[in-house]
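Trainee: Let me give you the structure first, and then I'll get to my questions.
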Number of protein chains: 2
Amino acid sequence: MRLRDENKETLIREQAIALIVQEGFDGLSMQKLAKAANLSASTIYIYFKSREDLLNQVYIAVDEIFAKEVLKNFDPAMSFEEGLWQQWKNRYKYVQKYPLHYHFSEQFRNSPLIKHQDIKESPFRVAMQQFTKNAIQRKEIVDLPPEILWALAYGPFYILIKFHLDQSSMSGKPFSLSEQKMKQAFGLVIKALKA
Amino acid sequence: MRLRDENKETLIREQAIALIVQEGFDGLSMQKLAKAANLSASTIYIYFKSREDLLNQVYIAVDEIFAKEVLKNFDPAMSFEEGLWQQWKNRYKYVQKYPLHYHFSEQFRNSPLIKHQDIKESPFRVAMQQFTKNAIQRKEIVDLPPEILWALAYGPFYILIKFHLDQSSMSGKPFSLSEQKMKQAFGLVIKALKA
DNA sequence: AAGATAAACGAATGTTCGTTCTTTTAAAAA
DNA sequence: TTTTTAAAAGAACGAACATTCGTTTATCTT
């Protein structure tokens, strides 16, 4: 018998991402996707049971890669300043390495397709909770409700990313954000959060 | 002859927003929209020349209301702290008053439908530039590149909004974010930006 | 090499899509 | 009141949609 092709599943997912980023969710049809992946449309249904299932699986796969990338060289035991900076760097590298994933993710999260009922206790979430708990216990930063801490720690970063991403898509030039600029913003965040 | 009905145009726009927020861009079909607005599909084409045109016009109308709401009780001559707080309050009220507009806006901006080539010199933009220029000249805040200032000033706010919006959509309870929490986050932002 | 099995395909399904056309209707101008 | 004009409706268009079905093909097992 013939075996399921793992690469083909990934190929379908990646082409779906590319199509969605280019044309939006209404631009993703099974027939266009099939053509882009050099497949028959019906073949997609061997790997995904419906369009909706495909979209969910794409999001799950994208999110897994994100979680993996963002935990690189990170340890919840790190000092707050060192750990948060590592997070910023990792997230920046993620956007550079997987720009389409990032765009897809933003689109998906802001759409009604996302179901945020089951916020599972991912290893990623656990690590981040431990990290912030440590920082507060050590009195490195002020004691804050988690969502305010989170808002301060990452809000400026993501606005900065969005700004430079829009700039690059307008000018056609590749995305870049100087380390100096990131450090400058980071310094202000630390200033705000320091105990 | 019969006159174009201004209210009908608004009705179509509002129903389009509601449909998109509920079902996403692929959920917006002209026939569904017609049914929702109690119209014939062909009537929509009297007011909008195509689906694409409709979407653009919706975005423009939404953005106009946003700009109007956000400038209420605001003056570029205000002190930085007072002015920025007014901005936060106005934006918070906007989300409360027009939650569907906010969701639509977020979806549209993160989709490929948006064309950010023509960032026109809106009165809104002019006011904001003057406001930050004043604050730096008066040495109320540190001198920063505009996008970093912007990222610090609004990044935390929007993450906070998103968090509480997600919470409310999960629990079914109406959206709310206590003034105390907003003030707490705001205080940290001021701490970061103060000269 | 033969048989078994599931992947892969192309064609076809009925539905819904955006849009246009023709006709009817309502209200402003005469 | 009559005429004029454009709004509004409804039916219709081919195209594209998600999905299914029957057949073919490739590869694993024997």
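The values are calculated or read from the model by the stated rules, or taken from the named source; none is laboratory data. The shown structure was predicted, so the numbers you read here are calculated from the model rather than taken from an experiment. In this analysis, Cβ positions are derived from the backbone assuming ideal geometry, glycine residues included, and neighbour counts consider all displayed protein chains. Accessible surface areas use protein heavy atoms only, side chains included; no ligands, DNA or RNA. Shrake-Rupley method; radii C 1.70, N 1.55, O 1.52, S 1.80 Å.
Trainee: Alpha carbon centre of region A:1-65 versus region B:43-57: separation in Å?
Mentor: That distance is 31 Å.
Trainee: Express the carbon and sulfur contribution to the solvent-accessible surface of the protein assembly as shown as a percent, rounded to the nearest whole number, probe 1.4 angstrom. It would help to have the intermediate numbers written out before the result.
Mentor: Numbers: 10810 of 20600 Å².
Roughly 52 percent, rounded to a whole number.
Trainee: Kindly identify residues of region B:148-195 having a loss of at least 40 Å² in accessible area between the isolated chain and the assembly of all protein chains, probe radius 1.4 Å.
Mentor: Listed by number, the residues meeting the 40 Å² cut-off are B:ILE148, B:ALA151, B:LEU152, B:PRO156, B:ILE159, B:LEU160, B:MET170, B:LYS181, B:GLN184, B:LEU188, B:LYS191, B:ALA192.
Trainee: Once you place label points 7 Å from the Cα toward the Cβ at A:ILE60 and B:LYS32, how far apart are they in nm?
Mentor: Taking the simple label geometry, A:ILE60 and B:LYS32 are separated by 2.5 nm.
Trainee: A follow-up question, please. Where the label is 7 Å out from Cα toward Cβ, how close does A:SER79 come to the same position in every other copy, in nm, shortest first?
Mentor: Label point to label point, same position, other copies: 3.5 nm.
Trainee: Still on this structure: When we measure straight from the Cα of B:LYS133, which lysines land under 26 angstrom away, once same-chain ones fewer than 8 places off are left out?
Mentor: Answer for B:LYS133, where 26 Å is the Cα cut-off: A:LYS162, A:LYS181, A:LYS183, A:LYS191, B:LYS68, B:LYS72, B:LYS89, B:LYS93, B:LYS120, B:LYS183, B:LYS191, B:LYS194, listed by chain and number.
Trainee: Hand me the trypsin sites (Lys or Arg not before Pro) from region B:21-90 located in a DSSP loop with no more than 15 other Cβ atoms within 10 Å, in residue order please.
Mentor: On the way: sites: B:LYS32, B:LYS35, B:LYS49, B:ARG51, B:LYS68, B:LYS72, B:LYS89; in loops: B:LYS49, B:LYS72.
Counting only loop positions with at most 15 other Cβ atoms within 10 Å, the trypsin sites (Lys or Arg not before Pro) in region B:21-90 are B:LYS49, B:LYS72.
Trainee: Return, for the Cα atoms of chain A, the radius of gyration and Dmax in Å, separated by a comma.
Mentor: Using the Cα atoms of chain A, the pair Rg, Dmax is 19.3, 64 Å.
Trainee: Once phi is turned into θ = phi - 60°, what whole-Hz ³J(HN,Hα) does the Karplus curve with 6.51, -1.76 and 1.60 give for every residue of region A:160-175, x standing for Gly and Pro?
Mentor: Coupling constants for region A:160-175: 4, 4, 4, 4, 6, 5, 4, 4, 6, 6, 6, 7, x, 6, x, 5 Hz.
Trainee: Residue farthest toward the positive end of the dipole of the protein assembly as shown, with Cβ of Lys/Arg at +1 and Asp/Glu at -1: which of B:ASN110, A:ALA77, A:GLY27?
Mentor: It is A:ALA77.
Trainee: Another question about this same structure. Take every Cα pair under 8 Å in chain B that's 6+ residues apart, average their separations, divide by the length, and report that relative contact order as a whole percent. Spell out each step's value before the answer.
Mentor: Numbers: 125 pairs, mean separation 35.0, N = 195.
Rounded, it is 18 percent for chain B.
Trainee: For the pair A:LYS72 and A:MET1, how long in nm is the line joining their label points, each one 7 Å along Cα→Cβ?
Mentor: A separation of 3.8 nm, rounded to one decimal place.
Trainee: Note the buried accessible area between B and A here, summed over both chains, with a 1.4 Å probe, in Å² to the nearest 100. Working shown, then result.
Mentor: Details: alone 12010 and 12000 Å², together 20600 Å².
Approximately 3400 Å² gets buried when B meets A.
Trainee: Follow-up. If you stretched the chain out fully between A:ASN134 and A:LYS115, how much longer would it get, using 0.36 nm times the residue separation minus the C-alpha to C-alpha distance?
Mentor: On the way: separation 19, 0.36 × 19 = 6.84 nm, distance 3.06 nm.
3.8 nm is the gain from fully extending A:ASN134 to A:LYS115.
Trainee: Under the convention of a label 7 Å out along Cα→Cβ, give the distances in nm from A:ILE65 to the same position in every other copy, shortest first.
Mentor: Computed spacing set for this position: 3.8 nm.
Trainee: Accessible area per residue, 1.4 Å probe, Å², for region B:1-57: what's the number? Working shown, then result.
Mentor: On the way: 3430 Å² over 57 residues.
Per-residue accessible area for region B:1-57 comes out at 60 Å².
Trainee: If you plug each phi of region B:54-70 into the Karplus form 6.51 cos²θ - 1.76 cosθ + 1.60 with θ = phi - 60°, what whole-Hz ³J(HN,Hα) values come out, in order, with x for Gly and Pro?
Mentor: Karplus values, whole Hz, x for Gly and Pro: 4, 4, 5, 5, 4, 5, 4, 5, 4, 5, 5, 4, 4, 4, 5, 5, 7.
Trainee: Looking at region A:113-195, which GluC sites (Glu not before Pro) are in a loop (DSSP not H, G, I, E or B) and have at most 15 other Cβ atoms within 10 Å?
Mentor: The qualifying sites are A:GLU121.
Trainee: Can you compute the charge dipole magnitude of region B:67-193 about its Cα centre, using +1 on each Lys and Arg Cβ and -1 on each Asp and Glu Cβ, nothing else charged? Give it in debye, rounded to the nearest 20.
Mentor: Working: 18 positive and 12 negative charges, 52 e Å.
Value, rounded to 20: 260 debye.
Trainee: Just from its helices, what would the mean residue ellipticity at 222 nm be for chain A, if runs of 4 or more DSSP H residues each count -39500 (n - 2.57) and the sum is divided by every residue, rounded to the nearest 500 deg cm²/dmol? Let's see the in-between values first.
Mentor: Numbers: 9 runs with 137 residues, N = 195.
That comes out to -23000 deg cm²/dmol.
Trainee: Which ³J(HN,Hα) values in Hz, rounded to whole numbers, follow from the phi angles of region B:20-34 under the Karplus curve 6.51 cos²θ - 1.76 cosθ + 1.60, where θ = phi - 60° and Gly and Pro get x?
Mentor: Once rounded to whole Hz, the list reads 5, 5, 6, 10, x, 5, 6, x, 8, 10, 5, 6, 5, 4, 4.
Trainee: Given a Förster distance of 45 Å, report the FRET efficiency between A:PHE175 and B:LYS8 from their Cβ-Cβ distance, rounded to the nearest 0.05. Each step should come with its number before you reach the end.
Mentor: On the way: r = 43 Å, r/R0 = 0.95.
That gives a FRET efficiency of 0.55.
Trainee: In region B:122-195, which trypsin sites (Lys or Arg not before Pro) fall in coil by DSSP and have 16 or fewer other Cβ atoms within 10 Å?
Mentor: Working: sites: B:ARG125, B:LYS133, B:ARG138, B:LYS139, B:LYS162, B:LYS181, B:LYS183, B:LYS191, B:LYS194; in loops: B:ARG138, B:LYS139.
Qualifying residues, ordered by number: B:ARG138, B:LYS139.
Trainee: Using 0.36 nm times the number of residues separating B:GLU82 and B:ILE46, minus their current alpha carbon distance, what extension gain do you get? Walk me through the numbers before you get to the answer.
Mentor: On the way: separation 36, 0.36 × 36 = 12.96 nm, distance 4.58 nm.
Once the chain is fully extended between B:GLU82 and B:ILE46, it gains 8.4 nm.
Trainee: Okay, moving on. Mind grabbing the base-10 log of I(q)/I(0) for the protein assembly as shown at q = 0.10, 0.11 Å⁻¹? Debye formula, identical points on the C-alpha positions, no solvent, two decimal places.
Mentor: Rounded to two decimals, the profile gives -0.75, -0.91.
Trainee: Also, quick follow-up: In debye, nearest 20, what is the charge dipole magnitude of region B:1-48 about its Cα centre with +1 on Lys and Arg Cβ and -1 on Asp and Glu Cβ, if you could check? Intermediate values should be presented prior to the final figure.
Mentor: Details: 6 positive and 6 negative charges, 39 e Å.
Dipole of region B:1-48, to the nearest 20 debye: 180 debye.
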